[in-house]
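Okay, so here's the structure we're looking at.
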Amino acid sequence: MAPKVVRWGILATGGIAQTFTKDLLVDPATRGVHEIKHTVVAAASSSSASRAQEFLKSVNAPSSAVAYGSYKELVQNKDVDIVYVATPHSHHYQNVMLCLDAGKNVLCEKAFTVNAAQAKKLIETAREKNLFLMEAVWTRYFPISIYVRDAITSGRLGTVTRVYSDNSLAAEPEKAWPGGKSRMVAPDLAGGALLDMGIYSLTWVFQTLYTTQSPQHRKPPRVVSTMQRYPETGVDEMTTMLLTFPRDAAAGGDMHATATTSFRVGNDVDGAGTCGPAVRIQGTLGEMQVWPPIYRPTRTRLILKDGTIEDKNWPQPGPGKGSGWYNGFGGSVNQEGEGHGMFWEADEAALALVEGRKEGKFESLDESLVIMELMDEVRRQNGLVYPEKIETTDRVEL
Ligand SMILES: NC(=O)c1ccc[n+]([C@@H]2O[C@H](COP(=O)([O-])OP(=O)(O)OC[C@H]3O[C@@H](n4cnc5c(N)ncnc54)[C@H](OP(=O)(O)O)[C@@H]3O)[C@@H](O)[C@H]2O)c1
């Protein structure tokens, strides 16, 4: 059967929008996906149509794709099946609402929203309107994540009881984002380590200790946390969380996790993995290790008590060497022909549309909400509040 074509609209033209859209336009057959194909029919920039036009050119979009100078025009385009929202997290609530109001399905970047109240409202609205909505936690859709979750659910690790997970940068924020205006540190763009990077530490904790439980056994964790503030802007530059996931005694009792994030220090100081794994998943029969960066991991080690050591590499597929095609994010460029890995989540969103599903299969909307509630609690414990205009569930112009 011919693949079904899913038509995307891209909302925002920044760094990740570019990486995502380039991956999106790689033929899915290069990764063994034959049911769907993706195309880009439109992109919008909040600043100008010419910026959107430049964006479409830079990602090599079809020449028929339309460029808009406002997000409102994009969501009115009848040819758009699904919108990818790639604005700063401060803007996700308002931008996703705009899409849902116009009857569009949505894939929204992480962190889903600024707080759980906003996430809840988006989820309710999508369900009322019978639209697809998914938080773009791309890592969950990687084959490496499927392998790790399978190692847990198949019982290879025994009873899994503890996880350590870190996603940190090891950079000087003053030098990386001078002036405090970057979305990474600006309070009015919901800056800070927790929402931007801690979400990945929590992703590994949740997808190993929570997603792997049968839905009726999933219980939200308790959390105790501490935060260090970034002096220049007051957002968090380092956050440490201790989590307890309740589990019946007969199933092995409670599970513990340590989830950490920091701008300034990290456990991949040379960017080559020399510091060791950044995720360690421990069960009664052994340990699974995942090397950093944990948002785009490519290396695992399984160590079992019976002497098994299983090392695996998980390179990202793509058009391959000799293609002259490159992707990457920010200043880093992947090897020629190597995808970034954002196509896996795009494939899942497209397959869901074709199959009539309304959520992503490896992170339900309820789970996205539980994680937002947890991050709310961590912020509450440490008094981190963002400006009202980005915490509100009212419709406002940002
Ligand atoms: N999955 C991943 O690996 C990954 C990686 C990086 C970032 N992200 C997420 O993606 C989102 C965007 O991050 P990014 O790194 O792409 O950011 P970015 O480079 O700063 O781009 C954000 C874009 O949002 C639009 N925008 C609208 N209002 C804005 C405002 N007031 N201030 C700044 N930008 C505004 C702008 O596009 P227009 O001018 O065209 O409207 C801007 O180019 C964030 O939520 C982030 O957490 C995910």
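I want the local charge near Pro246. Using Cβ-Cβ distances under 13 Å, sum +1 for each Lys or Arg and -1 for each Asp or Glu among the other residues.
With Lys, Arg at +1 and Asp, Glu at -1, the net is +2.
When the alpha carbon gyration tensor of the range 4-139 is reduced to an equivalent ellipsoid, its three semi-axes come out at 22, 18, 14 angstrom, largest first. Rolled with a 1.4 Å probe across the full set of protein chains, the surface gives Trp138 an accessible area near 10 Å². So what's the net charge close to Gly191: Lys and Arg +1, Asp and Glu -1, counting the other residues with Cβ under 10 Å from its Cβ? After counting each charged neighbour, the total is -2.
Hey, got a sec? Which trypsin sites (Lys or Arg not before Pro) in the range 313-398 land in a DSSP loop and have at most 14 other Cβ atoms within 10 Å?
Working: sites: Lys321, Arg357, Lys358, Lys361, Arg379, Arg380, Lys389, Arg395; in loops: Lys321, Arg357, Lys358, Lys361, Arg395.
In loop regions of the range 313-398 (DSSP not H, G, I, E or B), the sparsely surrounded trypsin sites (Lys or Arg not before Pro) are Lys321, Arg357, Lys361, Arg395.
Kindly state, to the nearest 0.05, the FRET efficiency for Ser58 paired with Asp254, given R0 = 41 Å and r defined as their beta-carbon distance. After rounding to 0.05, the efficiency reads 0.25. Comparing Ala52, Ala176, Ala259, which has the greatest mean-square fluctuation in the GNM of the chain with Cα pairs linked when under 10 Å apart? Checking each option, the largest mean-square fluctuation is seen for Ala176. Surface composition of the range 51-183: carbon plus sulfur atoms hold 48% of the accessible area, using a 1.4 angstrom probe and ignoring ligands, DNA and RNA.
Given axes a ≥ b ≥ c from the Cα gyration tensor, I'd like to know whether the range 333-393 is rounded (a/c under 1.5), prolate (a/b larger than b/c) or oblate.
Numbers: a/c = 2.76, a/b = 1.61, b/c = 1.72.
Oblate is the answer for the range 333-393, as a/c is 1.5 or above yet b/c matches or exceeds a/b.
List the pairs from Lys78/Lys361; Lys37/Lys104; Lys57/Lys358; Lys312/Lys361; Lys219/Lys361; Lys37/Lys121 whose alpha-carbon separation is above 22 Å, in the order I gave them. Pairs exceeding the cut-off: Lys78/Lys361; Lys57/Lys358; Lys312/Lys361; Lys37/Lys121. When a/c is below 1.5 the answer is rounded, else prolate if a/b is larger than b/c, else oblate, so apply that to the chain with a ≥ b ≥ c taken from the square roots of the Cα gyration tensor eigenvalues. Here the chain falls in the rounded category. Charged neighbours of Arg264, selected by a Cβ distance under 10 Å, balance to -3 (K, R count +1; D, E count -1).
Would the range 177-273 count as rounded, prolate or oblate if I go by the C-alpha gyration tensor, calling it rounded below 1.5 in a/c and otherwise prolate when a/b exceeds b/c, oblate otherwise?
prolate
Can you compute the helix-only [θ] at 222 nm over the chain? Use -39500 (n - 2.57) per DSSP H run of at least 4 residues, normalise by all residues, nearest 500 deg cm²/dmol.
Calculated from helices alone, the mean residue ellipticity at 222 nm is -8500 deg cm²/dmol.
On the accessible surface of the range 190-349, probed at 1.4 Å, how many percent belong to carbon and sulfur atoms? Can you show the working numbers first?
Details: 3550 of 6630 Å².
Percent of accessible area from carbon and sulfur atoms in the range 190-349: 54.
DSSP finds beta bridges in the chain, and of those with both partners inside it, around 55 percent are antiparallel. The distance from the alpha carbon centre of the range 10-31 to that of the range 158-237 is 25 Å, rounded to a whole number. In the context of the full set of protein chains, residues of the chain present 41 Å² of accessible surface per residue (probe radius 1.4 Å, heavy atoms only). Projected over all directions and averaged, the alpha-carbon convex hull of the range 143-313 occupies 10.5 nm².
Mind ordering 333-341, 41-49 by average Cβ neighbours within 10 Å, highest first? Working shown, then result.
Values: 333-341: 18.6, 41-49: 20.4.
By packing density, highest mean first, the sequence is 41-49, 333-341.
Under a Gaussian network description of the chain, with springs only between Cα atoms under 10 Å, the residue in Gln18, Gln216, Gln316 that fluctuates furthest is Gln216.
The values are calculated or read from the model by the stated rules, or taken from the named source; none is laboratory data. All values derive from a computational prediction rather than experimental measurement. Virtual Cβ from ideal backbone geometry, glycine too; neighbours counted across all protein chains shown. Ligands, DNA and RNA are stripped out before the accessible areas are found, and what is left, the full protein with its side chains, is counted by its heavy atoms. Shrake-Rupley method; radii C 1.70, N 1.55, O 1.52, S 1.80 Å.
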